[in-house]
Protein chains: 2
Amino acid sequence: MAYQAPVDDIMHALKTAAGLDSLVAQGVLDGVDEDTIRAVIEEAGKFGAEVLEPLSTPGDRTGSKLVDGKVVTPPGWKEAYKQFSEGGWGALPCPTEFGGQNLPQVVATAAGEIWNAANLSFGLCPLLTQGAIDALEAQGSEELKRTYLPKMVTGEWTGTMNLTEPHAGSDLGVLKARAERKADGTYRIFGTKIFITYGDHEMTDNIVHLVLARLPDAPPGTRGISLFVVPKYLVNKDGSLGARNDVVCAGLEHKLGIHASPTCVMKYGEKDGAIGWLVGEENRGLNVMFIMMNAARLAVGVQGVAVAERATQRAIAYAKERRQGRTAASKGAEMAPIIEHADIRRNLMTMRALTQAARAICLVTARETDVSRRAKDAGQRAAAANRVALLTPIAKAFSTDIGCEVASIGIQVHGGMGFIEETGAAQIYRDARILPIYEGTNGIQAIDLVTRKLPLEGGKVVEGYIAELKQTVDEVRASNRPEFGRMAERLGETVAALAEASRWIGGALMKNPDAALAGAAPYLRLFGLAAGGVYLARGALAAVRNGSGAQMQPIALARFFAENLATAATGLKETVIGGADSTLALGPDALSA
Amino acid sequence: MAYQAPVDDIMHALKTAAGLDSLVAQGVLDGVDEDTIRAVIEEAGKFGAEVLEPLSTPGDRTGSKLVDGKVVTPPGWKEAYKQFSEGGWGALPCPTEFGGQNLPQVVATAAGEIWNAANLSFGLCPLLTQGAIDALEAQGSEELKRTYLPKMVTGEWTGTMNLTEPHAGSDLGVLKARAERKADGTYRIFGTKIFITYGDHEMTDNIVHLVLARLPDAPPGTRGISLFVVPKYLVNKDGSLGARNDVVCAGLEHKLGIHASPTCVMKYGEKDGAIGWLVGEENRGLNVMFIMMNAARLAVGVQGVAVAERATQRAIAYAKERRQGRTAASKGAEMAPIIEHADIRRNLMTMRALTQAARAICLVTARETDVSRRAKDAGQRAAAANRVALLTPIAKAFSTDIGCEVASIGIQVHGGMGFIEETGAAQIYRDARILPIYEGTNGIQAIDLVTRKLPLEGGKVVEGYIAELKQTVDEVRASNRPEFGRMAERLGETVAALAEASRWIGGALMKNPDAALAGAAPYLRLFGLAAGGVYLARGALAAVRNGSGAQMQPIALARFFAENLATAATGLKETVIGGADSTLALGPDALSA
């Protein structure tokens, strides 16, 4: 069935979890109000459903191909991209001075979910371009900004991120691409980069590569990496395009999923060296890269929400249509739609609840991004920036993990048909599997959470966050609503487990870092369950306040999450605080024997 | 890296979880002893590694194809199948009177793991043939047995199971294929069957289809289904092959995985009707089918173990080789093999522990199968048959669920390379996804466990089983070994959770069946964790008794499982007994709105 943007679910999460009303009231959104946001999301929904989604399945079958040294995207791709950029969709959150619309991050995040749900392979192109824009905007010289940003913001040119090399994936400190200084202030770049998304294509006249490389006299490790702009075509003073730069796509990967998204091997400097311009300072490239990586990590988390939503919509549609077996309520000889079976209901509720919880986590992270950028008060901005730092690994890893899980349940709901490619559930399952890997594997996210984010402000950032979660639990308890079931009890246990695990990890980090790291992944999962459960509970509290029968769904989802999914919390805590010794008991040799 | 049959792990599970020594001592295995079993498994391992495994990746790429109405398997397939049947591998558990080797089911199960780990698409062919042999042996007339079994047992002919129709998957009661009686005692079969594994191929001279169909005067529903033998080529009195029967492969499915295994649309009776012979009694076909389905369900569970083992071997090999980042123990500037990172260690330990736990569950089920068939005492046989009935849905569903989970972790350990098809991890992930679906979806397994297996003997079967699990926990506690960590505590909680959830479901089945069914899937998972955890603990107890340092791995795995995976048990119990209301709160309309 065709994709329909979940506008109501997004708006509900924005209002109840991300506190949209208070953002508007405080003037943080620079005059953008709820009606505007809904209108933009509705329009995005139409564009996604009408233009992007119909290309998703054909794009998967055709794939992008390398023909005579050029990447050819699937039929319709170029035209859709043109419509996308002409519609101004690439420019939503960008500054007006470069042609953007300066819309809040919450809107860009909501729209990002829609592009990626409609067509994950397509959505990657603007996602990476946005990352490149962020880096240039943050650290590029005025000239670089003037030269590139207007074209990138409008989407006339796309952008790429060139980090990975064959031997340098998670560990960028060892990358080997090299840069030579030239007398005119430019640089020459040499080296091979792999896994470069949309590293080449013919959809736009130019492509702006951001490339990490090392100067000859750079210190070793991560403190010796510089960032360069390397355009596919050089840009003349008047803005027209000049010569082809010395960069080529040397190959495309043959992947499990996202077949339409070209994953390129890029060769820089096969001839005289690719001409590049420094972004920011020499040897400080990784700092700039982290700016764009944080935003990109949230965006990848949103891709997890997107695939989960797409899988859920498909599964529900199939479950309403497919008839098999009978239930206690079945009448006569007729088979029941499988949505009436209790086990299928559990599957569909799990899909919906995980999706909405991850959506809320991502939108809250976007909200804090807005506050960190736009609030008038510097203290408020700083606090929000810390909140963004804390939540980003959870938004990325929890959302992409559940994206894969929900996609897998989606196949299961379809039974045998789910394994047949024509049904469509399998493509979601294949596509989704990249999400826990790129932009920092989810293992890296967990390590980042434990080693960099928990210690922020001496632990005060996480403590303050958990205290807020607890406050919601108290509200749920105080509300004393029978329709909440055991929500307060279960969420109370969940948040208490998170608090205890956080304290334990804080202590272990000092004494035995490997023990803290051994528990990092289950700790992140626990964090996601607590945050997601509480955000759904806020939705339920709001629904009860509004008292409308039509809003029963937020209550049911929140209660289901608390009573069926957050129940894992206490076990995860036990794993974190009691599992490290046995996790590390076997040395590498004994483990592999 | 190349597959190596895990002979030691299999033997360890056979001896410690499946109690091989006592089986041998009691004479249940008809003189087959441990040395013989190990020798057979080692030979199977060589055959799997040398003949089957090299065909797996090429087979995935080529796939089976339908050419001019005939199914063409990938290059090398036919030759490998010939070697397989000439080696007597298809005949391991079959009766000697038809040319089999009459080896115990535990041996056939261990060998089955090896075929499927080496090449899942290949392994399906003998798996289905064995199911057809079981059905014919149990219910076929003497003439049918004489005509077909010798050829099938030797593997000269293969067998298929034809159950599913487009509208009749989980619910076989509504199937429409029809059978007409003929004066000569034969039948004519008409209808379309889908998802028929190896429904056609050119590897053997003949294919023996077992087909469910309905007679004109059959009662509606499952009590009106009959089972027929329909050979591809009719068999003359002298055993030579006669005319082509009226059955054709009309199409192949385009699937997510197991590309080399042809999944056929079979058309019966497009001309005058396919000639068939009744197996067992008219309208009792489903009973016969259940005989073969139970065995096939265990065999599919073993496929879950197989993919998990294959994924684990690949991930460990990669993690030893791939260097990235540094650990506390790293020296100098050199990057550490990723197996030294704590988060990777958690992943690899999870893979190993889940695999070995599922293996033990499957081998115990095989052991009980042997007792149910071979023990001298009728009471012992009956008790074992009940144990097989109880454990089969767990062996099938838990093992195939963890098969998919372990395959997914396998991709994750590879990082970006895991998403690239050439690496091989992705094929395992794609192939594995069918396992929770076919031979009864895992949702159906959970329903079977709750509604048919828990009530066996008024609940005494499950109670007796749980009492045995508890006995092992008591042994672990009494052993008081420091290297067991909190194994006794965690497993004690796990088994207690299983006992409580079992009681609750037993009660709910009477009062509110939908509530029991809503918890069926998490209940099955809980059951698997308790059983698997206890079987690993038995392995640890044995390792301690033998006191050998080399056997530390069983201790580490058992402790890891208890402290890191079985910790989910209490939460699962809460979900089972407290989650049904919210699972069922939203009616189908509200859920899909």
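All of the numbers you see were taken from the coordinates with simple rules; none came from a lab. Please read all numbers here as calculations on a predicted model, not as lab measurements. Cβ coordinates were reconstructed from backbone atoms using ideal geometry, including for glycine residues, and neighbour counts include every protein chain displayed.
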Residue list for region B:326-365, given a label point 7 angstrom along the Cα-to-Cβ vector of A:Thr451 and an amide N cut-off under 19 Å: B:326-348
Residue-by-residue Karplus 3J(HN,Hα) for region A:411-425, coefficients 6.51, -1.76, 1.60, Hz, glycine and proline x: 4, 4, 4, 7, x, x, 5, x, 8, 8, 4, 4, 5, x, 5
Given B:Lys151/B:Lys176; B:Lys145/B:Lys453; A:Lys232/A:Lys453; B:Lys82/B:Lys145; A:Lys460/A:Lys511; A:Lys182/A:Lys232, the pairs whose alpha carbons are separated by over 26 Å: B:Lys151/B:Lys176; B:Lys145/B:Lys453; A:Lys232/A:Lys453
Radius of gyration and Dmax over the Cα atoms of region B:185-297, both given in Å: 14.6, 43
Sequence-distant residues sharing a close amide H with A:Leu29 (under 5 Å, placed H): none
Crossing angle, helix B:7-16 versus chain B [Cα axis fit, 0-90 degrees, rounded to tens]: 80 degrees
Estimated 222 nm signal from helices in chain A, with DSSP H stretches of n ≥ 4 weighted -39500 (n - 2.57), rounded to 500: -18000 deg cm²/dmol
Hull shadow area, averaged, region A:366-405 [alpha-carbon convex hull, nm²]: 2.5 nm²
Degrees separating the helix B:77-86 axis from the principal Cα axis of chain B, which is the longest one: 90 degrees
Span from the region B:215-242 Cα centroid across to the region A:231-277 one, whole angstrom: 64 Å
Using a Förster distance of 22 Å, the FRET efficiency for B:Leu241-B:Thr96 (Cβ separation, nearest 0.05): 0.30
Debye, to nearest 20: dipole size of region A:362-481, +1 on Lys, Arg Cβ, -1 on Asp, Glu Cβ: 460 debye
Globularity ratio of the protein assembly as shown, using Cα Rg and 2.2 N^0.38 Å: 0.93
Shielding of B:345-353 by partner chains, average beta-carbon count, 10 Å: 5
R0 of 56 Å, Cβ-Cβ distance B:Leu66-A:Ala378: FRET efficiency to nearest 0.05: 0.20
Between helix B:520-546 and chain B: long-axis angle, C-alpha atoms, 0 to 90°, nearest 10: 60 degrees
Averaged over B:167-174, number of beta-carbon atoms from partner chains that fall within 10 Å: 5
Peptides ranked, highest mean first, by Cβ atoms within 10 Å: ranges A:369-376, A:433-440: A:433-440, A:369-376
Chain A: proportion of alpha-carbon pairs further apart than 37 angstrom, %: 33 percent
Inter-chain Cβ neighbour average for residues B:573-579, partner chain, 10 Å: 6
Net lengthening on full extension, B:Ala593/B:Glu463 (0.36 nm per residue, minus Cα-Cα): 42.6 nm
Rough spin-label spacing in nm, given labels placed 7 Å along Cα→Cβ, for B:Glu483 and B:Thr57: 3.7 nm
Taking B:Leu128, A:Leu227, B:Leu215 and counting other C-beta atoms within 10 Å, the order from fewest to most: B:Leu215, B:Leu128, A:Leu227
Chain lengthening between B:His254 and B:Glu270 when straightened (0.36 nm per residue, less Cα-Cα): 3.4 nm
Rounded if a/c under 1.5, otherwise prolate or oblate - region B:407-502, Cα gyration tensor axes: oblate
Shape parameters for region A:454-584, alpha-carbon atoms, Rg then Dmax in Å: 15.9, 53
Label-point gap, in nm, between A:Asp8 and A:Glu143 - each point 7 angstrom along Cα→Cβ: 5.6 nm
Pairwise label distance in nanometres, B:Asp474 with A:Glu79, each label 7 Å out on the Cα-Cβ vector: 7.5 nm
Förster-model FRET efficiency, 60 Å R0, A:Arg503 and B:Asn287, C-beta, rounded to 0.05: 0.55
Chain B: relative contact order as a whole-number percent, Cα under 8 Å and 6+ apart: 13 percent
J(HN,Hα) series, region A:89-103, from Karplus relation 6.51 cos²θ - 1.76 cosθ + 1.60, nearest Hz, glycine and proline x: 6, x, 9, 3, x, 7, x, 5, 4, 10, x, x, 9, 6, 7
